[in-house]
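Take a look at the structure set out below.
No value in this document is a laboratory result; all are computed from the given coordinates. Keep in mind that what you see is a predicted model, and the values were worked out from it rather than measured. Positions of Cβ are backbone-derived with ideal geometry, glycine not excepted, and every protein chain shown enters the neighbour counts.
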Amino acid sequence: MTEAPAQLTSPRMTAPQFPQGLSEIASRYDTILCDVWGVIHNGRSAFTEACEALVRFREGGGHVCLITNAPVPKAQVTRYFQPLGVPDAAFDDCVSSGDATRAELVRRKGQAVWRLGADEGWEHDRHLYEGLDLKFTEADEADLLLCIGLRDHVGEHPEDYREELSAGIARNLPMICANPDKQVRVGGQLYWCAGALADVYEDLGGKVIYPGKPHPPIYHLAIERVEALTGGKPLDRSRILCIGDSPGTDVRGAGVQGFDSLYVGTGLKEHGEDFEEEVAELLAAYGEQATWAMTGLRW
């Protein structure tokens, strides 16, 4: 057994510390807001140790709310958990960027929407907006652009959309980005997400609304969900831990909210043997600071 580091503290503006497992720091926290893709599964199968760590945290009295930038509502996120091997006991609730995006679309009822959808097509994406009585149209008649993803996230590049997105710029359409992630790892391959298209839109001079991480709406929704589990009692924000694999969304979002964060190296970035040095360099490149870091989530 590897010897645990001594006298772990909770630094915010220094290098992250490297606990051997969640058990070393679990007593500091009442609530975990945990990323999904890259932390508890990779789109192909569950990470068994990560799921077990969340189960153990909940057995100790803590609450776990999964928080994901998936551009679909909670029901469509969790429907894949059982086939992947993610146990129900690993979480209390789940909040998605899709949930937060639906809330934003409700506030824009009556507006005409130009939709840029993922390659699964309209029938897949309908979960994001079904029941909202939205009017869909082309760019020349739209009030806003709803960006869900690339039509072909394997064969296309975000830059391929620059000319098409210019139509929204010409009409000064705000873009609602349903998934702020730029890329996601499925198995061993990276795929482009809506956040990469949002980068192009902003580069063209467009305004982008981000309901998902690292922006506040999804965190506010997650906190509401956890407080509902505790009878409406306000959470102690100093005892909330955010876990994720992305410095630009998970770590940054935690920092904006004033929460501690745990970076895990099982997602976007493939790490080598010198994990601690690589993490320090990675976080510095993003200008972010994680409280803790682990090669992978484990108890």
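Take every DSSP beta bridge whose two residues both sit in the chain; close to 15 percent of them are antiparallel.
Lysine pair count for the chain (Cα-Cα distance under 16 Å; residues 8 or more apart in sequence or on different chains): 4. Our helix-only sum for the chain, with -39,500 (n - 2.57) per DSSP H run of n ≥ 4 divided by its residues, gives a mean residue ellipticity at 222 nm of -8000 deg cm²/dmol.
Could you calculate the contour length gain from GLU130 to TYR286, that is, 0.36 nm times the residue separation minus the distance between their Cα atoms, to one decimal place in nm?
That works out to 52.5 nm of additional length.
With N denoting the number of residues in the range 48-136, provide Rg(C-alpha) divided by 2.2 N^0.38 Å, to two decimal places. Let's see the in-between values first.
Numbers: Rg = 15.9 Å, N = 89, 2.2 N^0.38 = 12.1 Å.
Against the empirical 2.2 N^0.38 Å value, I get 1.31 for the range 48-136.
A straight line joining the Cα centroids of the range 272-298 and the range 59-88 runs 25 Å.
For the peptides 85-97, 61-73, what is the packing order when you average, over each peptide's residues, the other Cβ atoms within 10 Å and list the highest mean first?
Details: 85-97: 20.4, 61-73: 23.9.
Packing order, densest peptide first, comes out as 61-73, 85-97.
Using R0 = 30 Å, the C-beta based FRET efficiency linking THR48 and ALA103 works out to 0.35. Spacing of the modelled spin labels on ALA15 and ASP88, each 7 Å from Cα toward Cβ, amounts to 4.5 nm.
Between GLU278 and ASP143, the contour length at 0.36 nm per residue exceeds the Cα-Cα span by 44.2 nm.
Between GLN76 and GLN189, full extension at 0.36 nm per residue minus the direct alpha carbon distance yields a gain of 38.5 nm.
I need to check one value: relative contact order of the chain, counting alpha carbon pairs closer than 8 Å and at least 6 residues apart, in percent.
Numbers: 638 pairs, mean separation 69.3, N = 299.
The normalised contact order for the chain reaches 23 percent.
Can you give the Kirkwood hydrodynamic radius for the chain, in Å, rounded to one decimal and based on Cα pairs?
Numbers: mean 1/r = 0.0507 Å⁻¹.
Averaging 1/r across every pair of different Cα atoms and inverting gives 19.7 Å.
The long axis of helix 216-229 is offset from the longest Cα principal axis of the chain by roughly 60 degrees.
Mind checking the log10 I(q)/I(0) for the range 103-209 at q = 0.13 Å⁻¹? Debye, one equal scatterer per Cα, no solvent, two decimals. The calculated log intensity ratios at q = 0.13 Å⁻¹ are -0.44. Rounded to 0.05, the FRET efficiency of the GLU156 and GLU224 pair, given R0 = 35 Å and the Cβ-Cβ distance, is 0.45. By how many degrees, 0 to 90 and rounded to 10, does the Cα axis of helix 97-106 deviate from the longest principal axis of the chain? Approximately 40 degrees, to the nearest 10. Against the chain, whose longest principal axis is taken from its Cα atoms, helix 194-203 shows a tilt of about 60°. Mean-square fluctuations from a GNM of the chain, with a 10 angstrom spring cutoff on Cα atoms, peak among LEU134, LEU33, LEU262 at LEU134.
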